[in-house]
Amino acid sequence: MIAIIDYGVGNLFSLKCSIQAVGQEAVVSSDRHVIEQADKILLPGVGAFEDAAAKLRGSGLADVVKEQAGQGKPLLGICLGMQLLLEKSYEYGEHEGLGLIRGAVRPIKDVIPDGFKIPHIGWNALLFRKPSKLYRYVREGEHVYFVHSYYAADCDSAVTAVSEYGADLTASIEEDNVFGCQFHPEKSGDVGLKILKAFCEL
Amino acid sequence: MITKRIIPCLDVRDGRVVKGKNFLGLQDVDSPVELARFYSKAGADELVFYDITASAEGRAIFTDILCEAASQVFIPLTVGGGINTAADFERVLNCGADKVSVNSGAIRNPSLVKEAARLYGDQCVVLSVDIKRVDGVLRVFAKGGRENTGMEAIEWIRRCVGEGAGEVVVNSIDTDGVKKGFDLEMLEAVCNAVRVPVIASGGAGCIQDFITLFKTLPKVDAGLAASIFHFGEVKIEDLKKEMAANQIPTRI
């Protein structure tokens, strides 16, 4: 069973349906016991970093996620959920993340030329940086759906794929059992479902 | 490289997909859920569900259909029609919509865009504008294109983007249903005015119209159409192949 962490940020209906579409049971939950019993954890998120980080901590779920990841349980952060895995974010100030993967969240506008629109919204190609189990069913150059104005910087060797948007923007990161993707696999058609299937099979 | 998006629009009334010529003379096409699955398979980059129901019963049918579509189709879904309050945003977001488009609702309620952007983020708020030339001036029309608001279109779009609209759908009433191509002049004016994604709507009649759109105006991010897709006059697979052959960044 896959636990989708519900900490009051965004809508989880599509994510739950997408996990069911790859033949896995998904439970949306904020209950520590349910999350502890899950085989794997999905950390979703949309909106602002500061607000999401505060809700994750305020609900006590930040500790649960860290604890479970520390025990080796596969964890996948999606979009803002990926950004929360990093050490800190510079979105409207400076805010602390979960620190499960090294790196910081920075504004896209600082690294792309004028003329590129913000947010980076739409389908962009995955360019692999190193092998990842998440991409076992996906070929380089296949497209996934992005919506974001900030990106994961300074992640060094944790970066498994990037997308080109005036600069190389981090598309996915990974360190041992902790995974993150900036794009929305649950909105990326068959390619996205293949990525979720690979995560479910870890 | 980011790709140009192709977006079929499904006008839904009483649970069925319809499409009018110049917004009138509605004709039944098919089941919204079936069409959504069909388009997703064919390579549509996104879908718009437009609720043109007036009754409360119809609205409930619409949200049921939206939930059903969202549980089977895993590409971005935008919902429009009958969006007047933040509660309307909530209603459709809970059924799996990713973005919500506002049109007459934003005209009636000037704080709607700002409030929705604050609650759900800019990326969630799509401004849809029906525009028609009146004495050479681009004017915003309300109520499905029936009522001239008197507002100048570019000024209106700038204001809404300033308040948090994350994308703009430009629907030219002058070219809608005519099938002679998109309104390039109107689209260029909008692209020059704002830095958010611009979606072209109204006027596509054949594959070449999309090629001309993206070649002439590289700043346009997406092309939206309804009947030419529903009636199979333009097949999305063929369209995307032709776009790629013309060096337009395309997801195939």
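The values are calculated or read from the model by the stated rules, or taken from the named source; none is laboratory data. These numbers were taken from a predicted model, which means no experiment stands behind them. Because the Cβ atoms are built from the backbone with ideal geometry, glycine has one as well, and the counts that use them run over all protein chains shown.
Things to note:
- For the range A:128-149, the set of residues classified as outside any loop (DSSP other than H, G, I, E, B) and within 24 Å of residue A:75 (Cβ to Cβ) consists of A:128, A:133, A:134, A:135, A:144, A:145, A:146, A:147, A:148, listed by residue number.
- When residue A:63 is tested against the conditions (1) away from every other protein chain (no Cβ under 14 Å); (2) closer than 17 Å to residue A:154 by Cα; (3) over 16 Å from the mean Cα position of the chain (by Cα), the lone failure is (2).
- Any chance residue B:92 is within 11 Å of another protein chain (Cβ to nearest Cβ), over 18 Å from residue A:145 (Cα atoms), at pLDDT 90 or above and surrounded by 24 or more Cβ atoms within 10 Å (Cβ to Cβ): yes
- For the range B:37-73, a residue qualifies if it is assigned to a helix (DSSP H, G or I) and within 12 Å of another protein chain (Cβ to nearest Cβ), and the qualifying residues are B:37, B:39, B:40, B:41, B:42, B:63, B:66, B:67, B:68, B:69, B:70.
- From A:98, A:127, A:193, A:169, residue being surrounded by fewer than 17 Cβ atoms within 10 Å (Cβ to Cβ) and modelled with pLDDT of 95 or more: A:127
- Residue under evaluation residue B:82, criteria (1) within 11 Å of chain A (Cβ to nearest Cβ); (2) touching a strand residue (DSSP E or B) at 6+ places or on another chain (Cβ under 9 Å), criterion not met: (1)
- One residue stands out in the range A:101-124 among those that are of a type in the set (A, V, I, L, M, F, W, C) and touching a Gly at 6+ places or on another chain (Cβ under 6 Å): the one that is surrounded by the fewest Cβ atoms within 10 Å (Cβ to Cβ), namely A:116.
- The listed residue being touching a Leu at 6+ places or on another chain (Cβ under 8 Å) and away from chain B (no Cβ under 13 Å), out of A:93, A:81, A:47: A:81
- Residue within the range B:168-178 that is more than 14 Å from every other protein chain (Cβ to nearest Cβ), under 30 Å from residue A:184 (Cα atoms) and either in contact (Cβ under 8 Å) with a residue 40 or more places away in the chain or of a type in the set (Lys, Arg) (or both) present: yes
- Set side by side, the residues A:99, A:192 differ, and just one is within 12 Å of chain B (Cβ to nearest Cβ), closer than 24 Å to residue A:5 by Cβ, not charged (D, E, K, R) and not in a strand (DSSP E or B), which is A:192.
- Of all residues in the range B:8-29 being at pLDDT 60 or above and farther than 12 Å from residue B:230 by Cα, the one that is surrounded by the most Cβ atoms within 10 Å (Cβ to Cβ): B:12
- Meets criteria (within 21 Å of residue B:120 (Cβ to Cβ) and out of contact with any Asp or Glu (no Cβ under 6 Å at 6 or more places or on another chain)) for residue A:70: no
Rundown of residues vs (1) out of contact with any Asp or Glu (no Cβ under 6 Å at 6 or more places or on another chain); (2) surrounded by 19 or more Cβ atoms within 10 Å (Cβ to Cβ); (3) hydroxyl-bearing (Ser, Thr, Tyr), yes/no style:
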residue: B:178; (1), (2), (3): yes, no, no
residue: B:192; (1), (2), (3): yes, no, no
residue: B:196; (1), (2), (3): no, yes, no
residue: B:199; (1), (2), (3): yes, yes, no
residue: B:202; (1), (2), (3): no, yes, no
residue: B:207; (1), (2), (3): no, yes, no
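- Residue check for residue B:178: in a loop (DSSP other than H, G, I, E, B) and of a type in the set (A, V, I, L, M, F, W, C): yes
- Failed condition for residue B:122, given (1) among the acidic types (Asp, Glu); (2) more than 18 Å from residue B:81 (Cβ to Cβ); (3) more than 12 Å from chain A (Cβ to nearest Cβ): (3)
- Number of the condition not met by residue B:192 [criteria: (1) over 14 Å from residue B:5 (Cα atoms); (2) more than 14 Å from chain A (Cβ to nearest Cβ); (3) more than 16 Å from the chain's Cα centre (by Cα)]: (2)
- The lone criterion from (1) of a type outside the set (Phe, Trp, Tyr); (2) more than 19 Å from residue B:9 (Cα to Cα); (3) under 16 Å from the mean Cα position of the chain (by Cα) left unmet by residue B:204 is number (2).
- Considering the range A:1-44, the residues that are basic (Lys, Arg) and in contact with a strand residue (DSSP E or B) (Cβ under 6 Å, 6 or more places away or on another chain) include one that is farthest from the other protein chains (Cβ to nearest Cβ), namely A:40.
- Count - residues of the range A:102-127 that are among the charged types (D, E, K, R) and more than 12 Å from every other protein chain (Cβ to nearest Cβ): 3
- Where a residue in the range A:143-162 is closer than 18 Å to residue A:120 by Cα and within 14 Å of chain B (Cβ to nearest Cβ) and its partner, wherever it lies, is of a type in the set (Asp, Glu) and assigned to a strand (DSSP E or B), with Cβ under 9 Å and at least six apart: A:162/A:168
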